[in-house]
Amino acid sequence: MTVESNRQRSWRGAARGVLAIAACAVVWSAAPLTQAQTQTAPDPQDVAEGMSIYRTKADCQTCHGWAADGRKMDTQMPDAPSLRTTRLGRAGIVYAIKCGRPGRGMPAFDRQAYKDAARCNGTTLADLQKSGQSLSDPAATLQPREIEMIADFLFEKVIGKGAMDHAKCVEYWGEDVDACREFAK
Ligand code: HEC
């Protein structure tokens, strides 16, 4: 084997390496794009389903209000913040729903939260007990897919949409329902 052919061979190897890196870069840069697309345009059916779970199955509205503006529907419930002005991004919203806020009145909706340590940042029920943080029970536990649909609903109809008014109320419910009467036309 000559020195020359060795060098040629290593050049070919290097070129292949560069190609592989370029291919990775294309895949990597395409991934956030598709994620952003699903975030800006969720399936309307998922949004409707998320809204329904928010109002009924998970009963988020009892604490956060039907408009998610922090006007709770049950005075016995803890004061919950408006989600319209939250600064959380999607991952933060999903995490808050899954793991709740131990010791602060926000229930954890993932059935495995704090049971499977991997779910909530390595924290377990034993850790919560040790630090005296109580965990409120959710109305129902939710599948990851249901939590994603609630996030779709929140980002489409609640977060960053400003205060509720009559026009937004009609859009929110899909018609001029009784709940919209409190807002001036
Ligand atoms: C029993 C009352 C209660 C229910 C039910 C409830 N929450 Fe909460 N939620 C709270 C409270 C109280 C906080 C504030 C916790 C804190 O101080 O950190 C909170 C915080 C949050 C936050 C974090 C907001 C932020 O900006 O940090 C999100 C997101 C949230 N809730 C979404 C939901 C969703 C979605 C549901 C239904 C799946 C739900 N909550 C059900 C009481 C509740």
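Here are the numbers:
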| quantity | calculated |
| --- | --- |
| Check on Ala126, in a helix (DSSP H, G or I) and within 21 Å of Pro42 (Cβ to Cβ) | no |
| Which numbered condition Arg104 misses (of (1) modelled with pLDDT of 95 or more; (2) more than 27 Å from Gly174 (Cβ to Cβ); (3) surrounded by 15 or more Cβ atoms within 10 Å (Cβ to Cβ)) | (3) |
| Boolean, Ala118 is among the aliphatic types (A, V, I, L, M), more than 10 Å from the ligand (Cβ to nearest atom) and closer than 19 Å to Arg145 by Cα | yes |
| Residue satisfying condition, being free of Cβ contacts under 8 Å to residues at least 24 places away in the same chain and out of contact with any strand residue (DSSP E or B) (no Cβ under 8 Å at 6 or more places or on another chain), within set Asp152, Asp127, Asp137, Asp69 | Asp127 |
| Test set (1) surrounded by 15 or more Cβ atoms within 10 Å (Cβ to Cβ); (2) more than 10 Å from the ligand (Cβ to nearest atom); (3) outside any helix (DSSP H, G or I); (4) over 18 Å from the mean Cα position of the chain (by Cα) - Val170 fails condition number | (3) |
| Residue within region 1-8 that is at pLDDT 95 or above and assigned to a loop (DSSP other than H, G, I, E, B) present | no |
| Tally, over region 56-66, of residues that are out of contact with any strand residue (DSSP E or B) (no Cβ under 9 Å at 6 or more places or on another chain) and within 18 Å of Ser136 (Cα to Cα) | 7 |
| Residue within region 175-183 that is in contact (Cβ under 8 Å) with a residue 12 or more places away in the chain, assigned to a loop (DSSP other than H, G, I, E, B) and in contact with a helix residue (DSSP H, G or I) (Cβ under 9 Å, 6 or more places away or on another chain) present | yes |
| Hits in region 74-94 - residues which are more than 6 Å from the ligand (Cβ to nearest atom), under 22 Å from Cys120 (Cβ atoms) and surrounded by 15 or more Cβ atoms within 10 Å (Cβ to Cβ) | Arg90, Val94 |
| Tally, over region 56-73, of residues that are near the ligand (Cβ under 8 Å from one of its atoms), at negative phi and assigned to a loop (DSSP other than H, G, I, E, B) | 3 |
| Odd one out for Lys115 among (1) crowded, with 18+ Cβ neighbours inside 10 Å; (2) in contact with a Leu (Cβ under 7 Å, 6 or more places away or on another chain) | (1) |
| Residue list for region 118-136, restricted to those being small (Gly, Ala, Ser) and surrounded by 15 or more Cβ atoms within 10 Å (Cβ to Cβ) | Ser136 |
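The values are calculated or read from the model by the stated rules, or taken from the named source; none is laboratory data. As the structure is a computational prediction, the values presented were derived from the model and not from experiment. Reconstructed Cβ throughout: ideal geometry from the backbone, glycine too, with neighbour counts over all protein chains shown.
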